[in-house]
Every structure is written in structure tokens, then in C-alpha cells.
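Worksheet: the structure to be examined is printed underneath.
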Amino acid sequence: MKFSMYSESDRQEIEALFTRTFSDSEGQSEGKLIGQLVHELMIGTETDDMLGFIATEQEQIVGCIFFTRLSFSSPAKAFLLSPVAIDTTHQGTGIGQKLIKFGIRHLGALGVELIFTYGDPSYYSKVGFRQVPEEVAAAPFKLAHPEGWLGQSLDGGSLEFPLGQASCVEPFNDPQYW
Ligand SMILES: CC(C)(COP(=O)(O)OP(=O)(O)OC[C@H]1O[C@@H](n2cnc3c(N)ncnc32)[C@H](O)[C@@H]1OP(=O)(O)O)[C@@H](O)C(=O)NCCC(=O)NCCS
């Protein structure tokens with residue numbers, strides 16, 4: 001298994017990976033929605049505001065994650081981890097955790113201080129995330145599942161001080177994702 005940054009030539013394969021993985025796990029319409037979201041992230045986000053990483057096996061992309069900039073009223077350098085897809089036939093073999101850790105290490109080396117995500121705490125706690133109260137860092141939209149708002153500090157700093165209200169990159173500016 002090889003882990004690397006994604007490149008423009010991977011776009012079609014990545015969109016197909018997200019569409020089929022989320023179709024398998026959550027139904028066809030969700031697959032289409034997330035495929036479209038990923039398409040918009042890849043074509044419409046400033047390169048400074050987005051990083052993507054892939055897991056490749058025998059020249060095939062079997063996993064992908066994206067990180068996009070989250071801005072707060074405070075000057076913290078923060079990114080949102082979302083979405084993540086591991087090809088259905090490759091799930092449960094540790095690729096997701098390895099890919100997330102690979103991406104986080106890369107962001108840490110670039111000086112990113114905080115990473116947030118919105119997902120299942122039981123999964124993301126395996127890769128260093130813990131719950132973040134809304135008073136510490138408010139998610140870009142009202143959350144359907146506030147217990148899924150998670151974060152971690154990469155520079156040893158605290159996630160206790162109030163960061164204020166987060167704003168996300170344009171493709172996530174839609175309450176249905178939150
Ligand atoms: C969720 C996902 C990214 C996990 O990646 P993965 O490579 O399958 O997971 P790993 O092999 O690294 O980790 C497996 C562990 O996570 C747990 N796990 C896997 N998917 C989980 C989920 N959706 N919720 C909670 N726990 C989960 C497994 O039970 C297993 O636990 P164990 O180590 O205690 O046995 C992957 O299954 C996936 O792409 N699912 C469909 C799309 C999705 O839901 N993406 C996340 C939201 S953006």
C-alpha cells in the first residue's frame with residue numbers, strides 16, 4: 001500500500017471512488033451527493049485551502065481523504081478532515097487509519113495547528129480526535145449531531161480556549177452536510 005498526495009490526474013478516479021463507496025454504505029443518492037461534493041472540492045478550492053491524500057494498491061486508488069481550510073475569528077491555522085472513503089472491499093483492514101495519520105503528519109509538517117472533523121467519535125478517536133464543545137469552536141452550521149464535532153491539536157497546544165465561529169470552504173457551505 002502506497003500513501004501519497006493526490007494529483008490532478010487522479011480526479012476522475014477519486015470522484016468514482018467516493019461515489020461508489022458512499023453508494024455502497026449509504027445508498028445511491030448519498031453516493032451521488034458525495035461524489036459531486038468531492039468534484040467541487042477538487043475543481044473549485046484554492047490549492048492553499050485544500051490537501052488530498054490517496055492510498056494506492058497495484059496502481060488503483062483504494063482510499064482518499066481531503067482536508068480543507070477552516071477559518072476562525074482567532075488566527076489559528078485549522079483544517080477540516082472530510083470526506084474520507086476507503087473502497088468497500090478494502091475496508092476494515094486499517095487503511096483508513098493509516099491514511100488519516102499520513103495526512104495529519106503532512107499537515108503538521110506544514111504548520112497546521114488544529115484539525116477538526118465531523119463524524120463518528122468511536123472511529124475518529126482511534127486517530128487522535130476528541131469531542132469539541134461548541135463554546136470552544138463553533139462548527140460552520142448548526143450540527144444535527146453535536147457529539148460528532150471533533151478536533152485535535154497538532155502542536156501540543158490546547159483545544160480549550162475559545163476559537164469562535166468556524167467558516168468552511170465554499171463546497172461545504174450547505175447545511176445538509178452538517
Ligand atoms: C469509515 C471508513 C473511512 C473507515 O476506514 P477503514 O479503512 O474501513 O477503517 P480501519 O480499517 O482503519 O479501522 C477499522 C476500525 O474502525 C471501525 N470502523 C470502521 N468504520 C466505522 C464507522 N463508520 N463507524 C465507526 N467505526 C468504524 C471498525 O469497527 C474497526 O474497529 P476495530 O479496529 O476496533 O476493529 C471506511 O469504512 C469508509 O470509507 N466507509 C464508507 C464511507 C464513510 O462512512 N466515510 C466516513 C465519513 S466521511
Which listed residue is closer than 21 Å to T93 by Cβ and away from the ligand (no atom under 14 Å from the Cβ), from S23, S4: S4
Residue, nearest to D155 (Cα to Cα), within the range 107-140, restricted to residues that are within 15 Å of the chain's Cα centre (by Cα), of a type outside the set (D, E, K, R) and open to solvent by 60 Å² or more (accessible area, probe 1.4 Å): S125
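Can you tell me which residue within the range 96-106, out of those that are without any contact (Cβ under 8 Å) to a residue 40 or more places away in the chain and open to solvent by 70 Å² or more (accessible area, probe 1.4 Å), is farthest from the ligand (Cβ to nearest atom)?
Looking only at the range 96-106, we keep the residues that are without any contact (Cβ under 8 Å) to a residue 40 or more places away in the chain, and these are 96-97, 100-101, 105.
After this cut, where a residue has to be open to solvent by 70 Å² or more (accessible area, probe 1.4 Å) as well, the list is 101, 105.
On the way: K101: 10, R105: 16 Å.
Ranking the qualifying residues of the range 96-106, first place goes to R105.
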Single residue of the range 1-24 satisfying the filter (in a helix (DSSP H, G or I) and aromatic (F, W, Y)) that is nearest to E57 (Cα to Cα): F18
Residue check, P146 open to solvent by less than 20 Å² (accessible area, probe 1.4 Å) and either within 14 Å of the ligand (Cβ to nearest atom) or modelled with pLDDT of 95 or more (or both): no
Every pair of residues 6+ apart whose Cβ atoms lie under 7 Å, when the first sits in the range 156-170 and is on the phi > 0 side of the Ramachandran plot while the second is assigned to a strand (DSSP E or B): G164/A138
Those residues of the range 60-95 which are among the β-branched types (V, I, T), near the ligand (Cβ under 10 Å from one of its atoms) and either in a strand (DSSP E or B) or surrounded by 20 or more Cβ atoms within 10 Å (Cβ to Cβ) (or both), in sequence order: V62, I65, V84, I86
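What number of residues within the range 25-55 are part of a helix (DSSP H, G or I), small (G, A, S) and closer than 22 Å to I100 by Cβ?
3
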Near pairs, Cβ below 8 angstrom, 6+ apart or cross-chain, from the range 18-40 (under 11 Å from V84 (Cα atoms) and surrounded by 14 or more Cβ atoms within 10 Å (Cβ to Cβ)) to any residue that is of a type in the set (D, E) and at pLDDT 95 or above: T21/D87; F22/E30; V38/E15
Qualifying residue in the range 116-123 (condition: part of a helix (DSSP H, G or I), without any contact (Cβ under 8 Å) to a residue 12 or more places away in the chain, of a type outside the set (S, T, Y) and at negative phi): no
Tabulated pairs, the range 61-79, first within 13 Å of A137 (Cα to Cα), second of a type in the set (D, E, K, R) and part of a strand (DSSP E or B), C-beta under 8 angstrom, 6+ apart or interchain: A78/R69; F79/R69
Residue in the range 162-170 that is in a loop (DSSP other than H, G, I, E, B), at pLDDT below 95 and more than 12 Å from the ligand (Cβ to nearest atom) present: yes
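The values are calculated or read from the model by the stated rules, or taken from the named source; none is laboratory data. This one's a predicted model, so the numbers in the text were calculated from it and none came from an experiment. Every residue, glycine among them, receives a Cβ derived from its backbone with ideal geometry; neighbour counts consider all protein chains shown. For the accessible areas, the whole protein counts, side chains as well, though only heavy atoms, and no ligand, DNA or RNA atoms are used. Shrake-Rupley method; radii C 1.70, N 1.55, O 1.52, S 1.80 Å.
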